[in-house]
Amino acid sequence: MATIKSFSAYRPRTDIVSDVAALPYDVYNRAEAKEVVATHPLSFLRIDRAETQFDDSVSTYDPCVYAKAKELLDEMIARGEYIHDTEDMYYIYELVMDGRAQTGIVACASISDYENNVIKKHENTRAEKELDRITHVDTCNAQTGPIFLAYRAQAAIDAVVARIKKDTPTYDFVSEDGIRHTVWCISCVEDIATIRDSFANLDQIYIADGHHRAASAVKVGLKRRNEAVKYNGDEEFNYFLSVLFPHNQLKILPYNRVVRDLNGYDKDTFLSKISESFTVEAVDCAYQPEKKSTFGMYMDGKWYKLTAKEDILSDDPVKGLDVSVLQDNLLAPILGILDPRTDNRIDFVGGIRGLKELEKRANLDMKLAFSMFPTSIEELFDVADAGLLMPPKSTWFEPKLRSGIFIHKL
């Protein structure tokens, strides 16, 4: 059973929430983060990325950076820019992008469920990326960026959400990228019990996005358990900030690939080599795959449709993914990209950027581009349920959850 608990959040005042809410810390490099903070002085990014408050000679990971993050957060609370709810509750967080809504429950998930694999993962994490957020959470004594979790839709939760969404929202604003963000509070004791009990009936919750933040939050919690003089399991550090979405509202965008060269092949030889495993058809315009096992390829100003031949397809949860089919039958054996995590000849382009971005990259600093059919949420569940891991850059979720709207103090 999954333990998904209500909590008392620290939240921005209504009049500044749109200025505070920020995209996740890891979508920016340092220069981009400094530019955002310079033009948006209330943006929570200045706390999530407190190196923006220093000269570039100061390391992103210097202890003074994390101390500054805590200082800035404490100051916002002291000035009354953040309010603290006086009782534990759940929150509804709805994001609307291009007319499509996804509505999640803001709550705290259990680090014990993470440890026991009730909360399932589909990606590996890297220690150096974890350490940054471990230090940030531990120093600030707060979790500031929610982990994106998914669950199989529950009618009882849907009914509570649908009813409360008829009420006046606590927050309702449109961010600069056109995403509408709406929040409602769930304070009714009966509604809280319904949601808590519905999650308790689930044996699996899935990390959709935010594996590093989740791993970091868990490690801070385990560290504090070890340091605690008295420990009963109810302490806030035993839980991490999350937004949980029903699976039938989620949309995964493709995670496309661009490659620097043809690995020594000329164009005709390359096309001949890939035709051994794929049917290759020239097409008249930019091609976005419309079904699984098909791929778009752009090279020398021309688009091609690639269709995987039957003999390279697999029923295995991982080997059957389109990202695996491309990697195992084209990128590795023909282009020589054996490890896409470390090979600098390949780069990845989120589907939100569109096919024009693929053409731009292939014409600018790369040689060819591949457009992908998106991984499905069911494929993600199947991989996680099998205890397996997806290849890197398999999923791209949009819209991104904002940081700074909800803060979970430890």
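No value in this document is a laboratory result; all are computed from the given coordinates. Nothing here was measured: the structure is a model prediction, and the numbers come from that model. Virtual Cβ from ideal backbone geometry, glycine too; neighbours counted across all protein chains shown.
If you plug the beta carbon distance of D203 and E32 into 1/(1 + (r/R0)^6) with R0 = 41 Å, you get a FRET efficiency near 0.50. Taking other Cβ atoms within 10 Å as a rough exposure proxy, Y231, Y25, Y239 sort from fewest to most as Y231, Y25, Y239. Pairs from the table (K129/K219; K319/K393; K219/K409; K121/K230; K166/K409) lying more than 20 angstrom apart at Cα are K121/K230; K166/K409. Only Cα pairs under 8 Å and 6+ residues apart enter the sum, and on that basis the relative contact order of the chain stands at 24 percent. For K305, a cut-off of 19 angstrom between C-alpha atoms picks up these lysines, skipping any fewer than 8 places away in its own chain: K267, K273, K291, K292, K356, K360, K367.
Is the C-alpha gyration tensor of the stretch 36-103 telling us rounded, prolate or oblate? Criteria: a/c under 1.5 is rounded; beyond that, a/b larger than b/c is prolate, otherwise oblate. Oblate, since a/c reaches 1.5 and b/c is not below a/b. Neighbour counts of other Cβ atoms within 10 Å put V318, V258, V243, V189 in the fewest-to-most order V189, V318, V258, V243. Rg over Rh for the stretch 255-373 works out to 0.92, using Cα positions for both radii and the Kirkwood form for Rh. For the chain, modelled as a GNM whose springs connect Cα atoms under 10 angstrom apart, the maximal fluctuation among L389, L331, L364 occurs at L364.
As a calculated quantity, the FRET efficiency between D62 and D234 at R0 = 30 Å, using C-beta atoms, amounts to about 0.30. Within the stretch 148-217, the trypsin sites (Lys or Arg not before Pro) that combine a DSSP coil assignment with at most 10 other C-beta atoms in a 10 angstrom radius are K166. Computed from Cα positions, the angle between helix 211-227 and the longest principal axis of the chain comes to roughly 40 degrees. Each pair of Cα atoms in the stretch 1-146 enters the Kirkwood radius, and Stokes-Einstein at 20 °C and 1.002 mPa s then converts it into a translational diffusion coefficient of 125 µm²/s.
Its residue count N sets the reference 2.2 N^0.38 Å, and the alpha-carbon radius of gyration of the chain equals 1.04 times that reference. With neighbours defined as other Cβ atoms within 10 Å of a residue's Cβ, the residues Y61, Y171 order from fewest to most as Y61, Y171. Apply the Kirkwood formula to the stretch 151-266: the hydrodynamic radius equals the inverse of the mean of 1/r over all pairs of different alpha-carbon atoms; give it in Å with one decimal. Kirkwood radius, the stretch 151-266: 18.4 Å. Does the stretch 329-386 come out rounded, prolate or oblate by the C-alpha gyration tensor, with a ≥ b ≥ c the root eigenvalues, rounded set by a/c under 1.5 and, if not, prolate when a/b is larger than b/c and oblate if not? Oblate shape, in that a/c is at least 1.5 and b/c is the bigger or equal ratio. Principal-axis analysis of the Cα atoms of the chain puts helix 127-140 at an angle of about 20° to the longest axis.
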